[in-house]
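*Asks:* Can you read through this structure? Questions will come right after.
The values are calculated or read from the model by the stated rules, or taken from the named source; none is laboratory data. For clarity, every value in this text was computed on a predicted model and none was experimentally measured. Glycine also receives a Cβ, built like all others from the backbone with ideal geometry; neighbour counts cover every protein chain displayed.
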């Protein structure tokens, strides 16, 4: 399977992906031959019950976890051929992450938190914070740039996390349960912002969720069960009326 051609227009191409944890009697097969394509310009939701393999799959796609077997090509790059150092640089330059827990640094302001990826990439502090401030302003937080996380609501903290994920203009955005810690209204606002700001022709967005309230924002929905993708369907946003 290694070296198979990737159809044009795909940001993510997975074939026969498996992932085992443990050995012998303690072996657990988290993924069981997953095939998945995600084109540029799409918001794909990965849904299913807890423990079905959603987070394992996106961790492999994002290059933070190694598959046991199978082909994983992301942004035209075969992840299996990368050294660990190259994979770290690839993630730094090309992948943005939004987590269920906001993972903001408590001693940094909103603008400083959002600037972290640029600082890691070697930007000067003033330029990084200025770029982060512009992204925060586009997310409606232009008046909260100097606030610490403890001075922000949950929805505002999630917007800072989205800004941090987008500030370096990644070509792949991975969101792991971005609305599960939010109430219905803030969850809707968060998904509206991701759809409006993050979905771009040269970027793919994968949202892991079992929050059915936000399914309406999907272009397609991939349903997982027991380590497999059981179906991929058009989301309400693109389904014919």
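*Asks:* Hey, could you check region 11-28 for residues that are within 11 Å of residue 56 (Cα to Cα) and out of contact with any helix residue (DSSP H, G or I) (no Cβ under 9 Å at 6 or more places or on another chain) and say which is surrounded by the fewest Cβ atoms within 10 Å (Cβ to Cβ)?
*Replies:* Ranking the candidates gives 20 first.
*Asks:* Considering each of 196, 188, 159 in turn, give the residue that is within 18 Å of the chain's Cα centre (by Cα), more than 19 Å from residue 12 (Cβ to Cβ) and free of Cβ contacts under 8 Å to residues at least 12 places away in the same chain.
*Replies:* On the way: 188 fails: free of Cβ contacts under 8 Å to residues at least 12 places away in the same chain; 159 fails: free of Cβ contacts under 8 Å to residues at least 12 places away in the same chain.
On inspection, the qualifying residue turns out to be 196.
*Asks:* So, of the residues in region 1-52 that are free of Cβ contacts under 8 Å to residues at least 24 places away in the same chain and part of a loop (DSSP other than H, G, I, E, B), which turns out to be farthest from residue 228 (Cα to Cα)? Break it down into steps so the answer makes sense when it comes.
*Replies:* From region 1-52, those free of Cβ contacts under 8 Å to residues at least 24 places away in the same chain are 5, 8, 21-28, 51; that's our starting set.
Then drop every residue that is not part of a loop (DSSP other than H, G, I, E, B), which leaves 5, 8, 22-23, 27, 51.
Values: 5: 23, 8: 24, 22: 19, 23: 20, 27: 17, 51: 11 Å.
Top of the filtered list is 8.
*Asks:* Considering only region 169-182, how many residues are part of a loop (DSSP other than H, G, I, E, B), touching a strand residue (DSSP E or B) at 6+ places or on another chain (Cβ under 8 Å) and surrounded by 22 or more Cβ atoms within 10 Å (Cβ to Cβ)? Steps first, answer last, please.
*Replies:* The initial filter retains those residues of region 169-182 that are part of a loop (DSSP other than H, G, I, E, B), namely 169-171, 177-182.
Applying the additional criterion that residues be touching a strand residue (DSSP E or B) at 6+ places or on another chain (Cβ under 8 Å) yields 170-171, 177-178.
If we keep only those that are surrounded by 22 or more Cβ atoms within 10 Å (Cβ to Cβ) too, we end up with 170, 178.
Of the residues in that region, 2 qualify.
*Asks:* Quick check on region 148-155. Is at least one of its residues part of a helix (DSSP H, G or I), buried (at least 16 other Cβ atoms within 10 Å of the Cβ) and modelled with pLDDT under 95? Reasoning before the result, please.
*Replies:* First pass over region 148-155, keeping only residues part of a helix (DSSP H, G or I): 149-151, 154-155.
Narrowing the set further to residues that are buried (at least 16 other Cβ atoms within 10 Å of the Cβ) leaves 149, 155.
Add one more test, that the residue is modelled with pLDDT under 95, and what stays is 155.
Looking through region 148-155, at least one residue is part of a helix (DSSP H, G or I), buried (at least 16 other Cβ atoms within 10 Å of the Cβ) and modelled with pLDDT under 95.
*Asks:* Right, something else. If a residue must be assigned to a strand (DSSP E or B), in contact with a helix residue (DSSP H, G or I) (Cβ under 8 Å, 6 or more places away or on another chain) and over 27 Å from residue 160 (Cβ atoms), how many such residues does region 192-241 contain? Explain how you work it out, then say what you get.
*Replies:* Filtering region 192-241 for residues assigned to a strand (DSSP E or B) gives 204-208, 220-225, 228-234.
Filter again for in contact with a helix residue (DSSP H, G or I) (Cβ under 8 Å, 6 or more places away or on another chain), leaving 205-208, 221, 224.
Next, from what is left, pick out any that are over 27 Å from residue 160 (Cβ atoms): 221, 224.
Count: 2.
*Asks:* Also: Could you list, in sequence order, all residues of region 103-136 that are over 23 Å from residue 200 (Cα atoms), outside any helix (DSSP H, G or I) and within 20 Å of the chain's Cα centre (by Cα)?
*Replies:* Within region 103-136, 103, 104, 105 meet the criteria.
*Asks:* Yes or no: region 70-82 includes at least one residue that is modelled with pLDDT of 95 or more, part of a loop (DSSP other than H, G, I, E, B) and touching a helix residue (DSSP H, G or I) at 6+ places or on another chain (Cβ under 9 Å).
*Replies:* Yes, region 70-82 contains a residue that is modelled with pLDDT of 95 or more, part of a loop (DSSP other than H, G, I, E, B) and touching a helix residue (DSSP H, G or I) at 6+ places or on another chain (Cβ under 9 Å).
*Asks:* Does region 60-89 hold any residues that are buried (at least 18 other Cβ atoms within 10 Å of the Cβ) and closer than 13 Å to residue 172 by Cβ, and which are they?
*Replies:* Once the filter is applied, which keeps residues that are buried (at least 18 other Cβ atoms within 10 Å of the Cβ) and closer than 13 Å to residue 172 by Cβ, region 60-89 yields 60, 61, 62, 63, 72, 73, 74, 75, 79.
*Asks:* How many residues does region 216-228 hold that are over 16 Å from the mean Cα position of the chain (by Cα) and either buried (at least 21 other Cβ atoms within 10 Å of the Cβ) or in contact (Cβ under 8 Å) with a residue 40 or more places away in the chain (or both)? Steps first, answer last, please.
*Replies:* Filtering region 216-228 for residues over 16 Å from the mean Cα position of the chain (by Cα) gives 216, 223-228.
Then drop every residue that is not either buried (at least 21 other Cβ atoms within 10 Å of the Cβ) or in contact (Cβ under 8 Å) with a residue 40 or more places away in the chain (or both), which leaves 223-228.
The qualifying residues number 6.
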